[in-house]
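Accompanying notes for the structure given below.
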Amino acid sequence: MARLQRTLALTLAVPCSIAGLGGCSDDGGTGRAASTTRAAPVPPTSTPSPPNSATSVPPLQLKSKGPVGGEGSRLTWPTLATVGVPRGKRLRSSGPITVRKDGAVIDGLRVSTEINVDADNVTIRNTRLVGAGQWGIIQREGRSGLRVENSEISGDGRTKVQYGIVNHGGMLTARRLHVHTVSNGINTDHGLIEDSVIRNLKEFPSDHVTAVQSNSGPASGLKLVVRNNVLLNPVSQTSALSIYQDFGRAHDVTVTGNLLGGGGYALYGGKGKFGTPTNIKIMRNVFSREHFKKGGSFGPVTAFDPSGSGNVWKDNVWAETGKPVLP
């Protein structure tokens, strides 16, 4: 796909009056299609869970227990007990949702197919979404302020989900999420991604597979911060985290305190065809050999340019030994 170079362990219509969803619809998502496709999402083939069921939290088992020394040894990562829908939370079932009311809140739902955000300052929380098609959640172009918190986003393992979350708009905050069984976890050029677990990614034919990726530098006045996440890609391509230059020069990205592993390279560091990346800060991350002995199939990192103004590579270590990882 031209735009994408590079573990931890649903169907009643939602009334528009719920949680401030006036102006929403269950049309499956109208408006601008994702630039990677014009196809509409396909309904999932799995049978929805019954309404009002509680969410269970399986135990977290990491082969990488944390480094034995260095800066990374003081990090504490999120677990499946701290991400996703809180244990015991009861959910109401829903079909696909389109939100058109600024400030709307989606809370406590089990959603099939997609949530299409065509409004500003929308909050999605305590929600379980099983997507199908190009995305699970999309923030449309010209919209900003989406917050997704304490939620689980996945595919059903049979129907393709290209992105867990894709952002074509402005600011995005993703916090305490469990994203899995999708080809790409979160795609955004700017925003904040923190305290989340993105793992068990799913490869479909012709896909690139990445936990977190940006395709260009952030919009004016914004930046991208990825901190304190577990990002593990069991597939031998593409990455756990990618900073690309598909559409513009990479700049103003901070990646700190994450557990990274898998893909072809665990990390793509921003170098590309649009010019020298600047203010790319990769600090205090821990690289895991959980999936591949080199961190990624080919190695831990590629395309980091130390010559760029403000670029920093500091205190990145191997989980298994605490020894430095060098770009």
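The values are calculated or read from the model by the stated rules, or taken from the named source; none is laboratory data. Every value quoted in this text rests on a predicted model; they were computed, and no experiment measured them. With ideal geometry, Cβ positions are generated from the backbone for all residues, glycine too; neighbour counts draw on all protein chains shown. Keep in mind that these areas ignore ligands, DNA and RNA; they rest on the heavy atoms of the full protein, side chains included. Shrake-Rupley method; radii C 1.70, N 1.55, O 1.52, S 1.80 Å.
A few notes on this one:
- Carbon and sulfur %, accessible surface of region 260-322 computed with the full protein complex present, 1.4 Å: 51 percent
- Our Cα-only numbers for region 167-277 put the radius of gyration and Dmax at 12.8, 37 Å.
- Using C-alpha pairs under 8 Å with a sequence gap of at least 6, the mean separation divided by the residue count of region 171-255 gives a relative contact order of 30 percent.
- Kirkwood estimate for region 137-211, i.e. one over the average of 1/r between Cα atoms, Å: 12.3 Å
- Mean separation of Cα contacts under 8 Å (6+ apart) over length of region 240-320, as relative contact order %: 34 percent
- Normalising the average separation of contacting C-alpha pairs (under 8 angstrom, six or more residues apart) by the number of residues puts the relative contact order of region 70-121 at 33 percent.
- Debye-formula intensities of region 230-327, expressed as log10 I(q)/I(0) at q = 0.10, 0.13, 0.18 Å⁻¹, are -0.23, -0.38, -0.73 (one equal scatterer per alpha-carbon, no solvent).
- Calculated accessible area for region 172-239 comes out at 26 Å² per residue, all protein chains present (probe 1.4 Å; ligands, DNA, RNA ignored).
- Cα gyration tensor shape of region 92-135, rounded if a/c is under 1.5, else prolate or oblate by comparing a/b with b/c: oblate
- Across region 267-274, computed HN-Hα scalar couplings (Karplus, 6.51 cos²θ - 1.76 cosθ + 1.60, θ = phi - 60°) run 9, 9, x, x, 5, x, 7, 8 Hz from first to last residue, x flagging Gly and Pro.
- Cβ crowding within 10 Å averaged over residues, with 211-218, 88-95 ranked highest first: 211-218, 88-95
- Counting only protein heavy atoms and a probe of 1.4 Å, the accessible surface of region 193-252 is 47% carbon and sulfur.
- Rounded Å value of the spacing that divides the Cα centres of region 279-308 and region 122-177: 26 Å
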